[in-house]
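The structure appears right after this line, and notes come after that.
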Amino acid sequence: MFAELLHIWPWLLACFAIGAGAGAVTRRAPENGVVARWLVWTALAFGVAALVVRLGAVADATAFVEGALAAYAVFIIGAALGALARDGSVSTHEGWAVGLIAAALVWVGAMVIDRSSFDEGLRRRYAEPIESRGADAPRAPSPARDAAAIAPAALPLDAKPRAAPTAPTSAGVTLAGCQAALEEPSASSELVFRRGEARITPSAAIALNKAAAIIRRCPEEATIEIMGHVRGSAANANNDALAQRRAQAAISYLERQGLGRRRLVEGRGESRQSEARAITFEVR
């Protein structure tokens, strides 16, 4: 979550500034008592949304909901500070609702416009490591040379077949290159789960986005085995099941990123692991 919020900090700063302006300019006391109705209802919605995110009920929309919660929170903080700076009181807060509309539009810009460019930047950034590794891979021999190499008349009777080189893709990326490139997102401190949970967190989604960009460059015939792990826990059935659910969650997420036609299979994870890795990849 923090990685996502750090990325959209200019938008959050804009929401804070809108709130501060609304708090400093508007002076209208609630007509029905101490707290304005709109503030009560939005605060209740904030609490429900926070609970829904905590329970993992919004799946892929988690980042969008968390962004909305952050935008609302900084808007209210800014409005309160603006009102306090104006007259030392937040009692005349009915008019803040006008600024809330502007803050909502800013949030839409942050979650739609800026997030799309962010995801595209991730795709370009993390496709480069595997391309650079594949650049040094041996080129595939031509069909004519292959035919000459395996022609019966050209081979001694007791000759043993030579091991086939690791097949590169059209971009020259080998299985070994894919495996090496996937070490980075696997070892990333972002690819973590909350304790005892298998839900993909926003930070884990960032790491899996990096892995997805790499897998797209792997040979089409490659099989990507994905294993889940539970670190620092004694081996038992519950931890083994948790490791399995984490692997399944990672596979489901990658398939939703357009990798459904790839051979993504679940491997047998470990309930106790020395390295700080929640998900590992094996290319074969």
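When each of the peptides 207-213, 186-192, 236-242, 27-33 is scored by how many other beta carbons lie within 10 Å of its residues on average, the order from highest to lowest is 207-213, 186-192, 236-242, 27-33. Descending by average beta-carbon neighbour count within 10 Å, the peptides 67-75, 43-51, 257-265 line up as 67-75, 257-265, 43-51, the highest first.
Laboratory data are not the source of any read-out in this text; all were calculated from the coordinates shown. Since the model is a prediction, treat every value here as computed from it, not as a measurement. Ideal geometry is used to build each Cβ from the backbone, glycine not excepted, and the neighbour counts take in all protein chains shown.
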